[in-house]
Ligand code: SF4
Ligand code: SF4
């Protein structure tokens with residue numbers, strides 16, 4: 001077994017659905033200085049990228065959007081997978097490795113996991129700008145381990161996953177696609193010859209609309225509660241369902257980045273979250 005195969009096998013045993021390897025040189029062709037893997041770990045040569053489902057397929061079918069967050073899947077285990085791989089690389093091969101990257105400054109991540117995933121061949125950019133789409137699994141949740149170990153990179157996909165053929169047809173007919181239609185406030189773009197011509201994802205709008213179960217909105221609510229003169233209103237702010245949900249999300253590491261409404265009617269995501277019941281074999285008594 002090659003080192004690459006060993007690393008991928010370990011990550012899958014730990015719960016990763018997909019694993020790909022990106023070359024730092026490929027990432028650095030797009031990432032600006034200050035946001036590159038070798039800014040975080042000097043001498044970094046490779047990034048091992050792990051991906052999994054956002055939530056269970058059943059949660060996407062629930063009319064209660066909160067079930068998506070309550071059933072978060074890969075988010076809950078991704079740090080453990082990355083740490084196991086980083087420790088394996090260091091102990092078995094003697095190369096430095098990081099299981100996580102520094103926290104973002106504002107809305108700016110220290111390293112774009114989306115870019116790493118693209119360069120590792122796990123998926124491609126989409127019109128629903130906040131996400132990378134995989135042809136079989138739809139939207140991916142991501143994690144990455146940065147290492148100085150030179151590994152054979154998988155490289156980016158040759159064909160883009162987005163737009164789906166049905167979106168191209170819809171675009172020709174109605175001049176829009178499901179994701180843009182669902183969230184015109186955050187998303188805009190245009191298709192040309194069956195490809196994305198341009199797209200824009202306004203992360204500032206998306207974050208303030210959709211990132212409502214994380215430390216920042218909770219801090220903001222605490223500040224507002226502190227200024228609230230009415231004792232009854234203050235009590236409901238501090239003890240109500242918003243603060244409880246936010247604290248619960250943080251306690252279980254299920255902080256919400258996006259609401260996902262833009263992906264509800266995305267054909268690639270629909271395919272990724274659709275299950276076909278398998279025949280249940282009856283045991284003879
Ligand atoms: S996650 Fe929600 S707010 Fe953000 S782009 Fe999608 S639909 Fe809009
Ligand atoms: S709905 Fe999905 S496949 Fe279609 S354009 Fe939007 S992100 Fe791409």
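Among the numbered criteria (1) in a strand (DSSP E or B); (2) within 16 Å of ligand 1 (Cβ to nearest atom), which single criterion is violated by residue 145?
Status for residue 145: all satisfied but (2).
Residues being modelled with pLDDT of 85 or more and exposed (fewer than 15 other Cβ atoms within 10 Å of the Cβ): count how many of those fall in the stretch 58-81.
So the count comes out to 6.
Quickly run through the stretch 89-129 and pick out the residues that are exposed (fewer than 15 other Cβ atoms within 10 Å of the Cβ) and at pLDDT 95 or above.
91, 92, 94
Any idea which of 271, 281 is away from ligand 1 (no atom under 16 Å from the Cβ) and within 27 Å of residue 128 (Cα to Cα)?
Checking each option against the conditions leaves just 271.
Let me spell it out: the conditions are (1) in a loop (DSSP other than H, G, I, E, B); (2) over 20 Å from the mean Cα position of the chain (by Cα); (3) in contact (Cβ under 8 Å) with a residue 12 or more places away in the chain, and residue 4 meets all of them except one. Which number is the exception?
The single condition residue 4 does not satisfy is (1).
If you go through the stretch 265-280 one residue at a time, how many are within 11 Å of ligand 2 (Cβ to nearest atom) and either more than 25 Å from the chain's Cα centre (by Cα) or more than 19 Å from residue 169 (Cβ to Cβ) (or both)?
1
Conditions tested, residue by residue: (1) touching a residue at least 40 places away in the same chain (Cβ under 8 Å); (2) within 12 Å of ligand 2 (Cβ to nearest atom); (3) buried (at least 16 other Cβ atoms within 10 Å of the Cβ).
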{"residue": "131", "(1), (2), (3)": "yes, yes, yes"}
{"residue": "134", "(1), (2), (3)": "yes, yes, yes"}
{"residue": "147", "(1), (2), (3)": "yes, no, yes"}
{"residue": "173", "(1), (2), (3)": "no, no, no"}
{"residue": "194", "(1), (2), (3)": "no, yes, no"}
{"residue": "204", "(1), (2), (3)": "yes, no, no"}
{"residue": "207", "(1), (2), (3)": "yes, no, yes"}
{"residue": "223", "(1), (2), (3)": "no, no, no"}
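Among the residues of the stretch 164-188, which ones are within 16 Å of ligand 1 (Cβ to nearest atom), within 20 Å of the chain's Cα centre (by Cα) and assigned to a loop (DSSP other than H, G, I, E, B)?
Of everything in the stretch 164-188, those that are within 16 Å of ligand 1 (Cβ to nearest atom), within 20 Å of the chain's Cα centre (by Cα) and assigned to a loop (DSSP other than H, G, I, E, B) turn out to be 183, 186.
Among (1) within 16 Å of the chain's Cα centre (by Cα); (2) surrounded by 16 or more Cβ atoms within 10 Å (Cβ to Cβ), there is one condition residue 44 misses while meeting the rest; what is its number?
(1)
Any idea how many residues of the stretch 123-140 are part of a strand (DSSP E or B) and over 10 Å from the mean Cα position of the chain (by Cα)?
4
The values are calculated or read from the model by the stated rules, or taken from the named source; none is laboratory data. Fair warning: this is a prediction, and the values are worked out from it, not measured in the lab. All Cβ positions, glycine included, derive from the backbone under ideal geometry; neighbour counts span all protein chains shown.
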